[in-house]
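Heads up: the structure comes next, in structure tokens.
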Amino acid sequence: MYRPNGDQATSTKGKSFLLKYKFLRSFRLRIFLIIMLIGMCSLVIMRRGLLANERNAAIDQRSSSVMSMMRILSNRIGSSFFLEDISDGEISGDLELLAEVYNARFIVTDSELRIVFDTADVDTGKYLLAGNAISAFRGKSVSEFDKEEGVIEIAVPVYSSSVDLDAEKSANAVILAEVSAKPVLNAVEQKSERSLLIELLAAVILLGVALIVSNIVVRPFDRVTRAIRGVVSYEDSELVVSDYMETEEIVDAFNDLRTRMKAVDESRQEFVSNVSHELKTPMASVKVLADSINMMPDAPIEMYKDFMQDISAEIDRENAIISNLLSLVKMDKGAGALDVQKCDINLMLENLIKRLGPLAKKSEVDIILESMRNVTADVDELKLASAITNLIENGIKYNKKPGWVKAHLDADHRFFTLTISDSGIGIPKEEQAHIFERFYRVDKSHSKEISGSGLGLSIARRTILLHRGSIKVDSEPGEGTTFTIRIPLSYIADNTSGAD
């Protein structure tokens, strides 16, 4: 029993997963998620920012309120004898009252930072070395919020009434307060809960907006899809979806592709038609010849031989067409791989010209070979010789009597060049762009007199392209034709082998 290997099983699972959860690759879903992500991040950041500002503003307000009261007390302490005698019930009572109102602890130190009064009555008589107290003792009011303890620390200097406030002198005493920030934080927390509800409501609204926007953004692509699926033939009018620059480019690319596919389809239909015609022609001739023999049972043996020779020639013509078609199909599919070997190009040309000698003599055409130097190249000798033979044969067939065909061989350090020229009837300018097309015959009036399938030049061009070479034609009607072939001396195989 066959069992897939691990890679095949993994690949199959991956494909089934993608098919099952195809919506995960949806552009609409990605737009939706992006909008939701940006919107939710913005809401969270905005909510936290607003809450932070609200908390800071509330703490600043509470700190300012307490500091204002502490400055009033500082003036009163400075103009009284409270530091010498803390039994002054009015000031101590005010401190106790403020401590109760603001849920705070107030500490008063003397000029040596020794605690002379503590509303908590914990550290009286001890020395206060806190940084805020030292800063206040130097004449600077300080307010700080301790996030860990949740208290506001405020220190205010105390000056005696005889001190010049404009002068830079040390304070006589310090009032230090530790104010609880819990009431402020609790109020902010309540607002945070209310803002969370607002945030959830905004998230629901954002969800609806994201759905609407993602559908609107993707809608033009849906129109493109429907328009493409609505195309049933090449004759339909061009698609136009110009909502976005991207959809316009997609539609333009599709219209270009459809135009090319139409050309390919027309070429295919023409190819099939030409193949049918070319294959039917020899069979029709064979049919006529066979019927003629059957209608003349008493015909002489010489006539029978002539008819059989004609039938054999038509069968050979049919075989040549089929063989050429198979060669083209193999080249188109990339199966026409080259058997590249070192080849003596001079010797190859000499041999094929020798083989074409009888045909040239019969047609009263001289074949001339000019070799400027010895050339050795990496080629498929059999295929290249067949292509060159086809070019020389055409030069012989479509020539004048008497006429000539000349093959001129030269090379440089990278390429060798073969020029095949003749003194024949030439090719009209308007026909030269089509001579390499399959089944194309220039001189249609002589197509029956001159044998050929119309595939030779197409095969020759394809063979030369497989060698990474090029072929060009130059011709004037009545003055002859010149084919110029240029092929690299060293063949380098790659993945684009056989590509036009």
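The values are calculated or read from the model by the stated rules, or taken from the named source; none is laboratory data. The structure displayed is predicted, hence computed values, not measured ones. Counting neighbours? That spans all protein chains shown, and the Cβs are built from the backbone with ideal geometry, glycine included.
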Number of the exception - S490 against (1) assigned to a loop (DSSP other than H, G, I, E, B); (2) at pLDDT below 85: (2)
Filter result (under 30 Å from E189 (Cα atoms), in a loop (DSSP other than H, G, I, E, B) and among the charged types (D, E, K, R)) within the stretch 108-163: K147, E148, E149
Among (1) buried (at least 19 other Cβ atoms within 10 Å of the Cβ); (2) under 30 Å from S312 (Cα atoms); (3) at pLDDT 85 or above, the one test that I459 misses: (3)
Selection within the stretch 74-107 - part of a loop (DSSP other than H, G, I, E, B), over 14 Å from D121 (Cα atoms) and in contact (Cβ under 8 Å) with a residue 12 or more places away in the chain: S79, F82, L83, Y102, N103
Answer from R258, R268 - the residue that is part of a helix (DSSP H, G or I) and at pLDDT 80 or above: R258
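Matching residues to (1) outside any helix (DSSP H, G or I); (2) at pLDDT 90 or above; (3) buried (at least 21 other Cβ atoms within 10 Å of the Cβ); (4) within 45 Å of the chain's Cα centre (by Cα):
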| residue | (1), (2), (3), (4) |
| --- | --- |
| D366 | yes, yes, no, no |
| E370 | yes, yes, no, no |
| N374 | yes, yes, no, no |
| A377 | yes, yes, yes, yes |
| A385 | no, no, no, yes |
| E393 | no, no, no, no |
| N399 | yes, no, yes, no |
| V405 | yes, yes, yes, no |
| H408 | yes, yes, no, no |
Close pairs (6 angstrom Cβ cut-off, 6 or more residues apart or separate chains): of a type in the set (D, E, K, R) and surrounded by 14 or more Cβ atoms within 10 Å (Cβ to Cβ) in the stretch 194-216, assigned to a helix (DSSP H, G or I) and at pLDDT below 90 anywhere: E199/L43; E199/R47
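A quick yes/no check of all residues on (1) touching a helix residue (DSSP H, G or I) at 6+ places or on another chain (Cβ under 7 Å); (2) in the same structural domain as R105 (by TED's automatic domain parsing); (3) modelled with pLDDT under 80; (4) of a type outside the set (S, T, Y):
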residue	(1), (2), (3), (4)
G125	no, yes, no, yes
A136	no, yes, no, yes
S141	yes, yes, no, no
D146	no, yes, no, yes
V151	no, yes, no, yes
V156	yes, yes, no, yes
S161	yes, yes, yes, no
D164	no, yes, yes, yes
Selection within the stretch 359-398 - without any contact (Cβ under 8 Å) to a residue 40 or more places away in the chain and not charged (D, E, K, R): L359, I368, S371, M372, N374, A385, T389
Enumeration of residues in the stretch 24-73 that are of a type in the set (S, T, N, Q) and closer than 20 Å to N186 by Cα: N53, N56, Q61, S63, S64, S65
Yes/no for R226 being among the basic types (K, R) and either more than 23 Å from the chain's Cα centre (by Cα) or loosely packed, with under 13 Cβ neighbours inside 10 Å (or both): yes
Long-range neighbours under 7 Å by Cβ, at least six apart or interchain, first residue of a type in the set (S, T, Y) within the stretch 483-500, second in a loop (DSSP other than H, G, I, E, B) and modelled with pLDDT of 85 or more: Y491/V340; Y491/H467; Y491/R468
Verdict on A104 being surrounded by 16 or more Cβ atoms within 10 Å (Cβ to Cβ) and either farther than 21 Å from A171 by Cα or within 60 Å of the chain's Cα centre (by Cα) (or both): yes
Selection status of L33, closer than 30 Å to A210 by Cβ, assigned by TED's automatic domain parsing to the domain that holds A133, modelled with pLDDT under 90 and not aromatic (F, W, Y): yes
Residues of the stretch 202-249 that turn out to be assigned to a helix (DSSP H, G or I) and within 30 Å of C41 (Cβ to Cβ), as a count: 24
Residue match in the stretch 407-419 (condition: within 21 Å of L338 (Cβ to Cβ) and of a type in the set (G, A, S)): yes
